[in-house]
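Below is one structure; the comments refer to it alone.
Laboratory data are not the source of any read-out in this text; all were calculated from the coordinates shown. All of these numbers come straight from a predicted model, not from anything done at the bench. Here the Cβ is made from the backbone with ideal geometry for all residues, glycine too, and neighbour counts use every protein chain on show.
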Amino acid sequence: MTRELIKNGFFYTSILVSQLLIFNHFNLFETITPSVYLIIFILYKTSYNKTTLIFLGFITGLIIDLSMQTYGCHTFATITICFLRERIEKNSFGVNANLPSAMIKGTQIINRLTFFILIILIHSSIYYSLVFFNTEVLGKIFYYTLINSIVTFIIIWVLSKLISNK
């Protein structure tokens, strides 16, 4: 258990640091800022405690909000994702939802794609809705959500394949 805790702590820290130092400054075309830290919540094992997941989401969102000065938008979006994760998992994987490594191995690719896309789209739509917080710019919210979700999905999908091959 200690070895797994150290491994998870190192993974969490490295993803969070890379988000803060690299991906927050990515800002391609003044639009695209991928939320790569979502891989933490996507790869979180189902055998772990849900309360720990929600607390981890709060801490992660708070750290990113403090570094980007986004006034709690990341925190609210990550807590919501952590709270809805179990439902999204059951919707995406069905019977295999309770397996600890269901997201990486042993399921059809369409199930994994659905899970990744739902997590990323829900997070992005909540985040950009809170950032703009105006119905007059609904088109801009959809545009930012779509573009950032696509880029975030590609990066997270590649990272998850690299991690699962180890």
Cross-link pairs beyond the 30 Å C-alpha cut-off, checked among Lys50/Lys161; Lys7/Lys140; Lys7/Lys50: Lys7/Lys140
Between Phe10 and Phe55, what is the spin-label point distance in nm, taking each point 7 Å from the Cα along the Cα→C-beta axis? 2.3
Bounding extents of segment 1-83 in its principal axis frame from Cα atoms, largest first in Å, are 43, 23, 18
Dipole magnitude of the chain about its Cα centre (Cβ charges: Lys, Arg +1; Asp, Glu -1), debye to nearest 20: 640
Label assignment, Kirkwood radius over Cα pairs in Å derived from the structure, set (1) 17.6; (2) 15.6; (3) 16.2: (3)
